[in-house]
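What follows is a short report on a single structure.
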Amino acid sequence: MLILGIESSCDETGVALVESDGKRVPVLLSHALHSQVEMHQAYGGVVPELASRDHIRRVLPLANAVFAEAGRSLADVDVVAYTRGPGLAGALLVGAGVACALGAALGKPVLGVHHLEGHLLSPFLGADPPEFPFVALLVSGGHTQLMRVDGVGRYEMLGETIDDAAGEAFDKSAKLMGLGYPGGPALSKLAEHGDPLAFKLPRPLMHSGNLDFSFSGLKTAVLTQARKLGDDLPTRKADLAASTQAAIVEVLMKKSMTALKESGLNRLVVAGGVGANRLLREQLNAACAKAGVRVHYPELDLCTDNGAMIAMAAAMRLDAHVQTANEDYAFDVKPRWPLAVIT
Ligand code: KG4
Ligand code: ZN
């Protein structure tokens with residue numbers, strides 16, 4: 001079974017081909033990506049209408065590229081999968097519209113995928129796929145969640161952010177330090193030259209006794225510190241970046257370890273854009289080694305949004321018989337869509 005996957009929920013257009021024999025873990029044949037980061041940079045964040053228009057321009061050339069790379073053609077496709085939500089409504093409509101148009105033209109079924117399920121299952125695209133059950137730390141630009149995952153479609157929310165996501169904390173802190181958009185990678189790069197103990201920043205909800213997160217207070221503390229520094233900010237920026245990163249990472253690491261302990265599971269999957277963060281990986285690796293926990297990450301280039309994870313999630317849902325692809329091309333999209341409600 002050959003699955004074409006299309007991702008267009010935010011500022012990356014991703015297309016991929018995944019093949020499944022129904023027995024083993026599905027295999028990624030090819031994937032192609034176009035990031036709109038440069039286009040949105042001038043505005044300091046994603047401009048939804050520009051995002052939708054750019055997805056329209058990119059999606060078919062990217063599809064041609066993945067067919068060429070895999071040595072396959074449109075006629076070989078068995079199922080067309082697309083991101084149904086959550087995300088920007090207009091951006092989602094492009095991927096859904098293209099997927100359903102292709103499905104209708106080819107007479108092939110389509111399947112709408114939950115974007116976060118894509119992230120959650122993205123470590124299965126790597127050389128060291130996890131086994132169920134596991135605890136998942138989902139850390140993207142819009143979400144921060146700890147889930148218990150017993151199988152495909154068997155997701156139990158253990159805790160989530162009550163305000164900003166971890167990626168947002170990186171991005172907003174970076175923005176107020178003048179590091180541009182998206183700030184996560186820039187902030188973590190700058191942090192390499194800074195002292196993580198230079199500034200005492202809060203670790204919100206670290207000892208709350210539950211697995212929820214809160215990052216908006218941290219962002220305010222970074223703002224206060226930046227204002228206090230005034231003219232000294234440029235020379236102390238690396239220290240502030242390192243202290244900010246240390247605070248975010250420590251909370252993510254501690255809560256993940258608590259989730260593992262409370263659930264009695266000994267496997268952790270980390271997914272979403274912030275999963276690319278080097279300090280987070282170092283700290284989780286060290287803590288998990290000590291606790292006898294196996295930890296799995298997606299390949300670095302598949303941590304942020306991509307089409308491969310969408311094709312993979314569709315393949316795994318079909319293989320696990322939790323969903324069937326259908327020939328109803330009257331699609332809708334779900335800009336808001338909690339992961340815990342899907343099965
Ligand atoms: O999963 P993702 O690509 O998009 C969403 O679904 O939201 O995540 C994007 C987020 C952004 O907030 C970005 O700043 C953050 O991931 N990010 C990082 C790093 N790479 C991406 N944050 C910290 N360190 C990184 N190396
Ligand atoms: Zn994402």
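The values are calculated or read from the model by the stated rules, or taken from the named source; none is laboratory data. Note that the structure is predicted; figures quoted are calculated from it, not measured. A quick note on method: Cβ atoms are made from the backbone with ideal geometry, for glycine too, and the neighbour counts reach across all protein chains shown. Areas reflect the complete protein model, heavy atoms only, side chains present, ligands, DNA and RNA absent. Shrake-Rupley method; radii C 1.70, N 1.55, O 1.52, S 1.80 Å.
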Report task. State which residue is farthest from ligand 2 (Cβ to nearest atom) when the search covers only segment 250-259 and only residues that are touching a helix residue (DSSP H, G or I) at 6+ places or on another chain (Cβ under 7 Å) and either open to solvent by less than 10 Å² (accessible area, probe 1.4 Å) or over 23 Å from G141 (Cα atoms) (or both). Result -> S256
**Report entry** The listed residue being away from ligand 1 (no atom under 14 Å from the Cβ) and open to solvent by 40 Å² or more (accessible area, probe 1.4 Å), out of A340, A325, A311, A315
**Finding:** A340
Query raised in the report: Under the condition of being within 16 Å of ligand 1 (Cβ to nearest atom) and acidic (D, E), which residue from segment 1-19 is surrounded by the fewest Cβ atoms within 10 Å (Cβ to Cβ)?
Result: E12
Report task. Could you please find all residues in segment 135-170 being under 19 Å from V46 (Cα atoms) and open to solvent by 10 Å² or more (accessible area, probe 1.4 Å)? Result -> S140, G141, G142, H143, D164, E168
Query - Pairs, first within 16 Å of P196 (Cβ to Cβ) and open to solvent by 20 Å² or more (accessible area, probe 1.4 Å) in segment 278-289, second within 16 Å of ligand 1 (Cβ to nearest atom) and not in a helix (DSSP H, G or I), C-beta under 7 Å, six or more apart - result: R281/Y297
Query raised in the report: Residue check: is A247 away from ligand 2 (no atom under 16 Å from the Cβ), of a type in the set (A, V, I, L, M), closer than 25 Å to I6 by Cβ and crowded, with 20+ Cβ neighbours inside 10 Å?
Result: no
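Quick grid of which residues meet (1) in a helix (DSSP H, G or I); (2) in contact (Cβ under 8 Å) with a residue 24 or more places away in the chain; (3) surrounded by fewer than 18 Cβ atoms within 10 Å (Cβ to Cβ); (4) touching a strand residue (DSSP E or B) at 6+ places or on another chain (Cβ under 6 Å):
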position	(1), (2), (3), (4)
D21	no, no, yes, no
H31	no, yes, no, yes
E38	yes, no, yes, no
A51	yes, yes, no, no
R58	yes, yes, no, yes
Y82	no, yes, no, yes
G95	yes, yes, no, yes
A99	yes, yes, no, yes
L102	yes, yes, no, yes
Report task. Please give the number of the condition F199 fails out of (1) in contact (Cβ under 8 Å) with a residue 60 or more places away in the chain; (2) of a type in the set (F, W, Y); (3) surrounded by fewer than 23 Cβ atoms within 10 Å (Cβ to Cβ). Result -> (1)
Report task. Taking the residues in segment 1-27 that are among the aliphatic types (A, V, I, L, M) and over 20 Å from the mean Cα position of the chain (by Cα) as candidates, determine which candidate is nearest to ligand 2 (Cβ to nearest atom). Result -> I3
